[in-house]
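Q: Got a structure here, written out as structure tokens. Questions coming.
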Amino acid sequence: MTVEEVQRIYTLTNSVQQTLLDSDARRLLHRFLELNRSGDKSEVEQYLDIYEKCVEYLQEDQRTFTQDEIDELCDLGLPYDLEQDLTRRARNGQRTEINLGLNRIQGKCRNKIEESGSFKDFRNAILAKMRNVPK
């Protein structure tokens with residue numbers, strides 16, 4: 001990773017939202033969480049997985065959204081209240097309603113990631129890496 005890339009991603013970490021919108025930064029956060037894991041996936045990793053799956057579903061606008069997609073999100077750890085909301089929206093059959101539900105899930109995941117100490121640790125790790133890069 002180049003110095004410019006590290007600096008760009010560090011700048012993005014001023015905002016959890018900006019970090020999650022950038023696929024490279026999101027991938028780096030995922031890798032950071034994996035490397036710092038001891039045992040099973042942390043709650044933050046589960047929320048990041050759910051967020052990424054929602055990104056995938058939102059990009060597949062022409063595909064029919066079924067209970068299988070909801071089940072897949074549940075397997076990743078989707079909270080029950082969000083599952084129920086998305087199920088209700090999916091029964092409606094309107095893609096805009098489904099997308100609103102997916103966006104709501106992403107917002108909840110973003111908030112949980114932001115509340116965790118893991119994101120701050122990620123940001124501090126990038127800062128430490130920047131300090132070690134020769135100028």
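The values are calculated or read from the model by the stated rules, or taken from the named source; none is laboratory data. Note that the structure is a prediction, hence the values are computed from the model and not measured. For neighbour counting, all protein chains shown are included, and Cβ atoms are generated from backbone atoms with ideal geometry for every residue, glycine included. With ligands, DNA and RNA removed, areas are computed over all heavy atoms of the protein, side chains included. Shrake-Rupley method; radii C 1.70, N 1.55, O 1.52, S 1.80 Å.
Q: From V3, V16, V55, grab the single residue that is under 24 Å from A128 (Cβ atoms), within 17 Å of the chain's Cα centre (by Cα) and in contact (Cβ under 8 Å) with a residue 24 or more places away in the chain. Quick ask: steps written out before the conclusion?
A: Numbers: V3 fails: within 17 Å of the chain's Cα centre (by Cα); V55 fails: under 24 Å from A128 (Cβ atoms).
The match here is V16.
To keep it simple, each residue is scored yes or no on (1) within 27 Å of L12 (Cα to Cα); (2) open to solvent by 60 Å² or more (accessible area, probe 1.4 Å).
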position: N36; (1), (2): yes, yes
position: Y47; (1), (2): yes, no
position: G77; (1), (2): yes, no
position: L86; (1), (2): no, no
position: A90; (1), (2): no, no
position: R95; (1), (2): no, no
position: G107; (1), (2): yes, no
position: S116; (1), (2): yes, no
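Q: Please give the number of the condition K53 fails out of (1) farther than 26 Å from T2 by Cβ; (2) charged (D, E, K, R); (3) surrounded by fewer than 16 Cβ atoms within 10 Å (Cβ to Cβ).
A: (3)
Q: Still on this model: Just wondering, is there one or more residues in segment 3-24 that are among the aromatic types (F, W, Y) and modelled with pLDDT of 90 or more?
A: Scanning segment 3-24 turns up no residue that is among the aromatic types (F, W, Y) and modelled with pLDDT of 90 or more.
Q: Within segment 107-116, can one find any residue that is free of Cβ contacts under 8 Å to residues at least 40 places away in the same chain and not in a helix (DSSP H, G or I)?
A: Taking every residue of segment 107-116 in turn, none turns out to be free of Cβ contacts under 8 Å to residues at least 40 places away in the same chain and not in a helix (DSSP H, G or I).
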